[in-house]
Amino acid sequence: MKQRLKEYFYFSKLERSGVIALICLIVLLIISRYLLFEYYPKVQIEEKDISKIEATIDSLEKAQNERKHKDSFNPRKFKLKDIQDFNPNTLELKDWKNFGLSEKQARTILNYRNKIGGFKSKAEFRKVFVINEELHEQLSPHILLPDTTERSSKKFRSWKNKQYEKKVRVYPKININDADTASFKSLYGIGIVLADRIVKRREELGGFISKEQLNEIYGLKEETLIRLDTQLIFISTDIRKMSVNSATKEELKAHPYLFWKHANAIVNYRKQHGAYQSLEDIKKIVLINDSIFQKVKPYLQL
């Protein structure tokens with residue numbers, strides 16, 4: 001038993017060195033804690049110091065508010081009978097200050113007046129932003145200027161009419177069944193890629209039977225077609241048709257409205273039951289529903 005305890009608590013030389021070093025480190029940390037408190041004592045803030053700090057903060061806030069409102073408008077209580085008629089182009093700095101404006105605001109008015117070459121109307125004087133609406137209302141009846149300048153009004157009306165004058169443009173009418181790529185390309189919103197797709201789709205179908213078929217073309221947005229509705233017209237032309245009694249599977253499958261399974265079913269039904277007596281006989285094929293039939297019917301014949 002004693003031997004087992006001895007083996008359990010046995011430490012090698014390296015382990016003993018590590019334990020001693022750890023103990024020394026712990027002792028140093030404990031000592032340093034007291035040394036730090038001795039050299040850096042905890043600061044005690046007395047109540048009188050707190051009062052001084054609060055007083056300093058209050059004084060700073062007061063000074064900031066004074067600076068903030070130093071140049072703000074401080075309107076005086078005028079009575080209309082106390083305001084004499086005046087021309088804002090002749091008033092000096094002290095005259096503007098008599099209206100309750102700060103020196104900075106008064107100088108702003110003088111600088112603006114010099115920049116524009118003097119006020120020509122009450123409407124122009126009203127653009128002075130340092131005068132608030134209340135003072136403008138008080139001063140306006142006593143300003144010796146016209147309400148607006150006739151010259152500026154005429155100039156504005158002339159500019160306005162020029163800006164909004166709509167030019168009458170005549171757009172060409174394009175028949176979707178005979179227009180070439182260049183004609184489609186000249187339309188708004190249709191580039192060379194879409195123009196090629198339109199012509200290619202028309203060739204695959206054998207001709208368009210309505211303008212609505214253009215919605216089937218990839219990349220051609222409906223809103224574009226709505227804008228071009230007055231330019232795109234449809235005039236019936238000879239539609240290239242396929243005979244359901246003689247067309248091959250490959251010919252039928254090449255049409256955009258038919259897949260291979262439809263073409264194969266049409267030919268097989270013909271082989272089993274003989275020639276079609278009417279186009280409606282195609283609807284007897286399970287794979288040909290009414291939607292497909294109505295789309296492909298204009299392109300078929302017996």
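Find, among the chymotrypsin sites (Phe, Trp or Tyr not before Pro) in the range 198-287, those assigned to loop by DSSP (not H, G, I, E, B) with at most 14 other beta-carbon atoms within 10 angstrom. Mind showing how you got there, number by number?
Values: sites: Phe208, Tyr218, Phe234, Tyr257, Phe259, Trp260, Tyr269, Tyr276; in loops: Phe208, Tyr218, Phe234, Tyr257, Phe259, Tyr276.
The qualifying sites are Tyr218, Phe259.
Loop-located chymotrypsin sites (Phe, Trp or Tyr not before Pro) in the range 106-142 (DSSP state not H, G, I, E or B) with no more than 15 neighbouring Cβ atoms inside 10 Å: Phe129.
In this structure, the amide hydrogen of Met242, modeled 1.01 Å from its nitrogen in the peptide plane, lies closer than 5 angstrom to those of Leu300, Gln301, counting only residues at least 5 positions away or on a different chain.
Label-to-label distance for Glu61 and Asn111 is 3.3 nm, based on points extended 7 Å past Cα in the beta-carbon direction. Averaging Cα coordinates gives a centre for the range 198-275 and one for the range 88-151; these two points are 75 Å apart.
With a simple spin-label model that places each label point 7 Å from the Cα along the Cα-to-Cβ direction, the separation between Ile233 and Thr90 comes to 7.1 nm. In this rough spin-label picture, where each label sits 7 Å from Cα along the Cβ direction, the Ser243-Asp180 distance is 3.3 nm.
Readers should treat all values here as calculations from the given coordinates under stated rules, not as data from a laboratory. Keep in mind the model is a prediction, meaning the values are calculated, not measured. Cβ: placed from backbone, ideal geometry, glycine included. Neighbour counts: every protein chain shown.
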